[in-house]
Amino acid sequence: GGTIDSHELDTLPRGHFYTVQEAGWLDANSWAFYVENILKFEIDLPALLLAYNFNCHVSEEGVRVVAEEACATVVPLPPYYCGPITTKKYFGLSTTRRGG
């Protein structure tokens, strides 16, 4: 964690995509960048994109950019669907540690 110095980006490996925003959370601009530069090349048509119920994924703009750029339909997962309690409840996953 922590902040990234603006000069630090120049030291990161070439051939990767980087996007930085002040808040540190994925925002609408970063989501659009991801969809336009990476995701659209990974989707075979037609497609449904299951997305965590995060605002930039399921907002009107987020859904629009996926539809227009990646020709996919966003299907938002219910809030907290990927949380540990929900995962255990719906999938019966054990939280027992191995080797102990």
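Derivation of every value follows stated rules applied to the coordinates shown; laboratory data play no part. Computed from a prediction, not measured in an experiment: that's the story for all the values here. Ideal geometry is used to build each Cβ from the backbone, glycine not excepted, and the neighbour counts take in all protein chains shown.
Treating only the Cβ of Lys, Arg, Asp and Glu as charged (+1, +1, -1, -1), what charge dipole size does the range 8-91 show about its Cα centre? Round to the nearest 20 debye.
500
Using the beta-carbon distance between Tyr80 and Asp5 and R0 = 35 Å, what value does 1/(1 + (r/R0)^6) give for FRET efficiency, to the nearest 0.05? So the FRET efficiency works out to roughly 0.55. For Ala47, the residues 5 or more places off, or on other chains, whose built amide H falls under 5 Å of its own are Thr73.
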